[in-house]
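For reference, the structure discussed in these notes is given below.
The values are calculated or read from the model by the stated rules, or taken from the named source; none is laboratory data. Only a predicted model underlies this, so the values are computations on that prediction, with no experimental measurement involved. Note that we place each Cβ from the backbone using ideal geometry, even for glycine, and neighbour counts take in every protein chain shown.
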Amino acid sequence: MRRLASVEEGRTDRPEEERADPGDAEEGRLWHVTLSVAGAPAPVEDVRGALERLAHDHPFLLTSRYAEDHAEIRYWEQARDLRDAAAVALRLWGEHRRTAGLPPWEIVGLEVIGRDVYHQRIAEGYGPPPAVPVGVHPF
């Protein structure tokens, strides 16, 4: 499953009410990130365990979905601008591959959108549903 990277318009452990205002340049803006990875099939139990370890080490991850040959990670990133948020997202899988035991898959999709766009999509009923429930789940 491949999809084209779409980059429009965060990382935070704090509840939404406590997050920085999108215009607060010092704190950064919030960006909703969806990272898709894919590769050779791996045992689903191993994929699930690796994603759970990644989520435990990095509690900012909202949700992960997985199958034997692909996965999707969704989370909020706090960053100065879209480029910074995208750069962090593009490093996430590779930097934690060994410590979390992630499969040697490649990034096949990246979407980074601002908080306002994320909420607009939900209100208008398009795009993926909100990341609920939080956690690691099969597709």
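Can you name every residue in the stretch 100-114 that is closer than 11 Å to V37 by Cα and surrounded by 15 or more Cβ atoms within 10 Å (Cβ to Cβ)?
Narrowing the stretch 100-114 to residues closer than 11 Å to V37 by Cα: 102-110.
Passing the criteria: L102, P103, W105, I107, V108, G109, L110.
Yes or no: V136 at pLDDT below 95, β-branched (V, I, T) and crowded, with 18+ Cβ neighbours inside 10 Å? Lay out the reasoning, then the answer.
Working: at pLDDT below 95: yes; β-branched (V, I, T): yes; crowded, with 18+ Cβ neighbours inside 10 Å: yes.
So V136 fits the description; yes.
Please give the strands (runs of 3 or more DSSP E) falling wholly within the stretch 5-118 in which 2 or more residues are under 19 Å from G135 (Cα atoms) and either at pLDDT below 95 or hydroxyl-bearing (S, T, Y) (or both). Even if it seems obvious, please write down each step before you answer.
Details: elements: 29-38, 61-66, 70-79, 106-114.
Once the strands (runs of 3 or more DSSP E) in the stretch 5-118 are filtered for at least 2 residues that are under 19 Å from G135 (Cα atoms) and either at pLDDT below 95 or hydroxyl-bearing (S, T, Y) (or both), what remains is 29-38, 61-66, 70-79.
Can you tell me which residue within the stretch 58-99, out of those that are surrounded by fewer than 20 Cβ atoms within 10 Å (Cβ to Cβ) and in contact with a Leu (Cβ under 6 Å, 6 or more places away or on another chain), is nearest to G28 (Cα to Cα)?
R74
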